[in-house]
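Read through the structure below, which is laid out as structure tokens, and then see the notes.
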Amino acid sequence: MHKKRLLYTKTQDIPIQRHSIQAGLLLIPGRRAKEKDHLPSTFEKVFTGSHQTMYVKPKVQPLFFFFLIFSSLLSMMILFNAPYARSLQTLIFALSHEHYFTFAPMETSSEIWTFVSGFTAITIVYLFSLAYLPNKITYTYIITSTFILGIAYTFLPIVTSQDIFSYIAYARMQDIYHLNPLITLPTLIHQDAVYPYLYWTRQPSAYGPTWIWLTSMLQWSTMQLGGSTIFTQQLLLRWFGLSMHLASVQLIWSICTVNPLTTPEQQSHRVRGTLAFAWNPFLLLEACINAHSDTTILFILLLAIQVLYRQPQRHRGMFLVTTLFAVAACIKISLLLLFPGYLLYLWSQKATYSLWQQRLELILAHCCLYSGIILVLYAPFWQFGELLTIVKTSPVLLRTINSPYESLTRIIDHLTGRYRSQDIDQGSLLERQSHQISAIFFCIIYGYICVQSVRHSVVTPSALVRWLATVWLLYCFAGSPWFWPWYTTTFFGLAALIEAEGKPYLRMSAGFFALFIRLLSISMLSFYSFNSWSAESSLPFLPHIRWMYVRGIWIWLPSLLIIIYAAYLSPWIKVSSRQLHLQNP
């Protein structure tokens, strides 16, 4: 009887049947490649890592990619040549004088070019590492290398978003000046050292009580340690962002291990998904340099998902998940959009609650807990309803920025000759109308998704993760005329779990979905260089429209083309090719 030859990977003693390997050439020492073997293209290798389902004799050590990225970060720190890094004496002086030392936004062209070239090199190494590392590394390598890279990121002397100064200002208003940051304008602390760095000077905090208390605790810690300078608060916020990113990496790996892995291909998907999230230059930039609150939001959501995976049918675990959803919504109120997905998951638990009355009572109990936690957290900042008045005047509800809506409204304003105010606190009539259109459009699609979810039941935690990722991606693209790249942080964390499964998503195969994630992260990262590099230049055919006004189309276009091709064009091309082959055998 013919015996099937078994092959073994170098990292695991898991047999692979020779006929089960679908993609790529299996390189075996002493075996030559045959013409019938399929060699994936370099493009497919780099972006999707499809050849990692096979054993490849390692030619490059895993530490090589890590040192390339680390050396790029070190080169960026040297090339920025900040005044505080010229000598040890200057550094000590800077650390003790808050008016002298701080991580500031990029201003000169040399800084912008250093940023663009440095992160371009990091992104290229990152893509190649996803192609060659998954079968050669372990979780220890991922978490250790991410920690070292994150520390290097925290010392880059730049910021690409001024939100970190707003975090510091609102924390100081809470701890030092004893003001309510949710209703008080930063102009009341104009004498503070952080005020010159603020972008939002006439708006109270757009962040909820959870984030206010977290940043206030960090501010209090720096005061107790005797470090009240802006630099120490920036550094502490960056280290906090790094800790949240590392915790998210650990949660992604832990969630992926809930289901047993029986094949090397599944193991490869898990390692690649975790590594793609951990080393993502865009996510490390937002967590370790800009220290955005979205990194903390993602950690809370992943923690809720892990509880759901570990304790899917226990009442205590279910109510803990509801509590975590409420805490996350008290950082950004837009997270309210995700809670109905969890309610749909509860409604689908027919195996545990067979009667619809039981499921309805369960949903009502969770809704009461969810709304109660939000009310309790907001109660200290309510100020007799003044909070609602402030929210109505927020530019988030009046202006369009960095979204396709901004690009369209800018072009329409140019063609109709309308004047748009440059005041960040005021929105034009067309901008307010675009908000109404986006709300109607998003509500229609959101309602359709919810109805389809009721029909097809969000039964498993994996289905819930896909629901959350789809809704949040839809919100970022179509439901938020006021958009910034770091809003997608939540999606990238959920997408890492989907990629680790190695299953199709949004009518895309696993390979196309991996390509979609890579292009989306590159587009979001390129936003900063695109915004700084071409801020004043105009379009050749529309001289009054700046290049920066089409950034809302730029950051979404490559990824949308992948979805259109993978979901619609690719199947049509395959069917047409098959029909043509049948007609001309």
Quick check: residue separation of residue 108 and residue 351 times 0.36 nm, minus the Cα distance between them. What number comes out in nm? 81.3 nm
Loop trypsin sites (Lys or Arg not before Pro), segment 261-321 (other Cβ atoms within 10 Å of the site Cβ: 16 or fewer; DSSP): 314
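Extension gain residue 388-residue 202, at 0.36 nm per residue separation less the Cα-Cα distance, in nm?
65.3 nm
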Can you give the extra length, in nm with one decimal, that the chain gains between residue 254 and residue 75 once fully stretched, where that is 0.36 nm per residue apart less the Cα-Cα distance? 61.0 nm
Probe 1.4 Å, heavy atoms of protein chains only: per residue, the accessible area of segment 61-574 in Å² is 43 Å²
Measure off, as a whole percent, the carbon and sulfur share of the 1.4 Å-probe accessible area of segment 253-391, all protein chains present. 67 percent
Cα-projected label distance for residue 311 with residue 450, points at 7 Å along beta-carbon direction, nm: 2.8 nm
Starting from the 7 Å offset along Cα-to-Cβ, what nm value, one decimal, do you get for the label separation of residue 188 and residue 319? 3.8 nm
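Using a 1.4 Å probe and counting only protein heavy atoms, arrange 556, 547 so the residue with the most accessible area comes first.
Accessible-area ranking of 556, 547, largest first: 547, 556.
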Packing-based ranking, highest mean first, of 200-206, 351-357 given that Cβ atoms within 10 Å are counted: 200-206, 351-357
For the residue pair residue 415 and residue 63, what label-to-label distance in nm results when each label sits 7 Å from Cα along the Cα-to-beta-carbon direction? 6.0 nm
What ranking of 119, 67 comes out by heavy-atom accessible area, probe 1.4 Å, highest first? 67, 119
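The values are calculated or read from the model by the stated rules, or taken from the named source; none is laboratory data. Quick caveat, the model's predicted, so the values are computed rather than measured. Every residue, glycine as well, gets a Cβ built from its backbone with ideal geometry; the counts of neighbours run over all protein chains shown. To get the accessible areas, we keep the full protein, side chains included, count just its heavy atoms, and leave off ligands, DNA and RNA. Shrake-Rupley method; radii C 1.70, N 1.55, O 1.52, S 1.80 Å.
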